[in-house]
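Notes to accompany the following structure.
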Amino acid sequence: MRYIVDWHIHSKYSRACSKQLELPIIDQWCKRKGIQIVATGDWTHPAWFKHLKENLVEVRQGIYGLKTATSGTEFMLVQEVSQIYKKGGKSRRIHNLIFSPSLETCEKVIKELSSRGFNLRSDGRPIMGIDSEDLYKLLKEIDEKIIVIPAHAWTPWYAVFGSKSGFDSIQECFGSMSPYIYAIETGLSSDPMMNWELSQLDDVVLISNSDAHSPRNLGREANVFEFDEPPTYDEFVRVLKEQDKNKFKYTIEFYPEEGKYHTDGCANCAYSCTPQEAIQNNERCPKCKRTLTLGVQHRVGMLADRDPNTVSSRKIPFKSIVPLAEILAEAFAVSSTTSKRVEQEYLQLTDSVANEFTLLLDTPIERINEYASLPSIAEAIHRMRSGQVNIQPGYDGIFGKVQLLGDDVKQRQNKKTN
């Protein structure tokens with residue numbers, strides 16, 4: 001059976017996150033998206049942990065279901081933490097994902113972190129002044145089954161390889177705990193091909209998740225597994241540790257250019273540039289002269305040591321998508337993915353045809369065309385699948401702009417509607 005898994009989301013208790021991020025609503029959206037297993041997020045927050053204990057029941061080792069739901073969505077206890085500390089004479093700002101095998105283990109972690117004076121109430125993604133190596137050691141002492149995975153590994157401001165405050169290697173960040181780093185999360189602004197440029201990452205598997213701050217963004221990126229029997233927590237850890245390609249089939253990716261930190265730039269001046277242009281300008285904005293935010297593309301290039309095509313056949317593959325709501329917004333020529341027309345079409349297609357992932361990845365284009373309000377919707381999905389995508393790259397916190405439908409399609413559409 002195919003399992004689509006999203007291991008990085010948030011709750012309504014994280015800053016700048018939707019108040020709709022409660023378990024029953026997450027469950028409903030996972031069904032519509034086609035996600036079988038999703039992270040709980042934020043389990044160190046006292047109010048959210050109470051919500052988890054009241055609503056979840058363990059259905060298999062480390063896998064939980066809602067007590068009252070019938071949709072079949074399952075949950076794993078995974079959350080993001082923010083760490084700010086000094087190491088090697090530099091200030092570091094790192095985000096990591098903590099995978100817990102049980103609610104009982106979560107409770108022990110919460111008790112230990114609270115005893116050390118960390119404020120777990122202020123944010124679902126708590127900020128802690130603790131070194132990544134020391135944190136991992138502490139967690140392993142609590143429960144050896146816990147694993148840590150660096151979150152959105154290339155984001156400039158908060159990531160293990162971030163250009164603003166990261167490291168040049170996993171070893172430099174995690175020290176003696178490096179052998180227990182089985183995976184890294186690539187983040188929206190990079191894809192596996194970019195990561196394959198670094199031979200140092202051959203020892204870890206690449207995972208992709210949504211980092212959703214609202215239910216609508218669940219599954220922006222995800223991981224696809226194939227299991228003969230329903231998987232347990234331990235089985236997922238084994239698959240990651242062994243890079244088991246028989247079970248881990250592929251990741252579902254944003255086109256990385258759409259990510260908001262893909263290339264170099266200065267958001268204040270609406271200026272973006274290639275890494276080569278940034279170097280020519282001494283990494284400063286030519287308009288305001290401030291230091292540019294160096295994007296993921298630039299940072300990967302700094303650490304790269306090979307052609308990714310020479311190793312791609314040995315790696316877990318990936319498929320790139322554009323979220324359905326973005327496709328519909330372009331087809332309807334509206335600027336918002338939450339416009340009434342987009343919402344109506346999204347609900348109609350996911351009710352009548354298939355869940356979002358099935359529709360984007362598997363459903364025959366002819367069938368989509370039967371149900372879509374406009375022929376350009378099916379055409380856009382066809383172009384997405386074949387990689388016919390034009391993207392104005394994102395930079396310095398601004399998402400890239402995707403175009404699937406050229407003027408030829410729009411002209412044909414206009415002729416049919418006139």
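The values are calculated or read from the model by the stated rules, or taken from the named source; none is laboratory data. A quick note: this is a predicted structure, and the numbers were derived from the prediction, not measured. Note that we place each Cβ from the backbone using ideal geometry, even for glycine, and neighbour counts take in every protein chain shown.
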I'm checking my understanding of the structure. Among residues of the stretch 380-391 that are without any contact (Cβ under 8 Å) to a residue 60 or more places away in the chain and not in a helix (DSSP H, G or I), which one is surrounded by the fewest Cβ atoms within 10 Å (Cβ to Cβ)?
SER386
Of all residues in the stretch 197-210 being surrounded by fewer than 23 Cβ atoms within 10 Å (Cβ to Cβ) and assigned to a loop (DSSP other than H, G, I, E, B), which is nearest to the chain's Cα centre (by Cα)?
VAL204
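Could you go through the stretch 251-262 and let me know if any residue there is in contact with a Leu (Cβ under 6 Å, 6 or more places away or on another chain) and either under 28 Å from TYR13 (Cα atoms) or at pLDDT 95 or above (or both). Outline the logic, then answer.
To start, the set of residues in the stretch 251-262 that are in contact with a Leu (Cβ under 6 Å, 6 or more places away or on another chain) comprises 254, 259.
Then drop every residue that is not either under 28 Å from TYR13 (Cα atoms) or at pLDDT 95 or above (or both), which leaves 254, 259.
Looking through the stretch 251-262, at least one residue is in contact with a Leu (Cβ under 6 Å, 6 or more places away or on another chain) and either under 28 Å from TYR13 (Cα atoms) or at pLDDT 95 or above (or both).
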Among the residues of the stretch 99-112, are any modelled with pLDDT of 95 or more, among the hydrophobic types (A, V, I, L, M, F, W, C) and within 19 Å of the chain's Cα centre (by Cα)?
yes
Only one of (1) closer than 30 Å to LEU103 by Cβ; (2) touching a Gly at 6+ places or on another chain (Cβ under 9 Å); (3) surrounded by fewer than 23 Cβ atoms within 10 Å (Cβ to Cβ) is not met by LYS260, so which one is it?
(1)
Would you mind stating whether VAL224 is within 29 Å of ILE25 (Cα to Cα), crowded, with 21+ Cβ neighbours inside 10 Å and without any contact (Cβ under 8 Å) to a residue 60 or more places away in the chain?
no
Being farther than 22 Å from THR155 by Cα and among the β-branched types (Val, Ile, Thr): is that true of ILE84 here?
no
If SER14 meets every condition in (1) assigned to a loop (DSSP other than H, G, I, E, B); (2) over 19 Å from HIS152 (Cα atoms); (3) at pLDDT 95 or above apart from one, which number is that one?
(2)
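Considering only residues that are among the basic types (Lys, Arg) and either touching a helix residue (DSSP H, G or I) at 6+ places or on another chain (Cβ under 8 Å) or in contact (Cβ under 8 Å) with a residue 40 or more places away in the chain (or both), look in the stretch 267-307 and name the one that is surrounded by the most Cβ atoms within 10 Å (Cβ to Cβ).
Of everything passing the filter in the stretch 267-307, ARG299 is surrounded by the most Cβ atoms within 10 Å (Cβ to Cβ).
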Are any residues in the stretch 167-196 polar (S, T, N, Q), in a loop (DSSP other than H, G, I, E, B) and within 20 Å of ASP305 (Cβ to Cβ), and if so, which ones?
SER169, THR186, SER190
Hey, can you tell me all the residues within the stretch 129-155 that are part of a loop (DSSP other than H, G, I, E, B) and small (Gly, Ala, Ser)?
GLY129, ALA151, ALA153
ARG32 being part of a helix (DSSP H, G or I) and outside the structural domain of ASP351 (by TED's automatic domain parsing):
yes
Out of the residues in the stretch 72-128 meeting the condition of being in a loop (DSSP other than H, G, I, E, B) and of a type in the set (A, V, I, L, M, F, W, C), tell me which one is nearest to TRP7 (Cα to Cα).
LEU120
In this structure, does VAL38 turn out to be outside any helix (DSSP H, G or I), in contact with a Cys (Cβ under 8 Å, 6 or more places away or on another chain), crowded, with 20+ Cβ neighbours inside 10 Å and among the hydrophobic types (A, V, I, L, M, F, W, C)?
yes
Among all residue pairs at least 6 apart or on different chains, which show Cβ distances below 9 Å where the first residue, located in the stretch 73-97, is touching a residue at least 24 places away in the same chain (Cβ under 8 Å) and in the same structural domain as TRP48 (by TED's automatic domain parsing) and the second is of a type in the set (Lys, Arg) and outside any strand (DSSP E or B)?
THR73/LYS31; GLN79/ARG125; GLU80/ARG125; VAL81/ARG125; SER82/ARG125; ARG93/LYS164; HIS95/ARG125
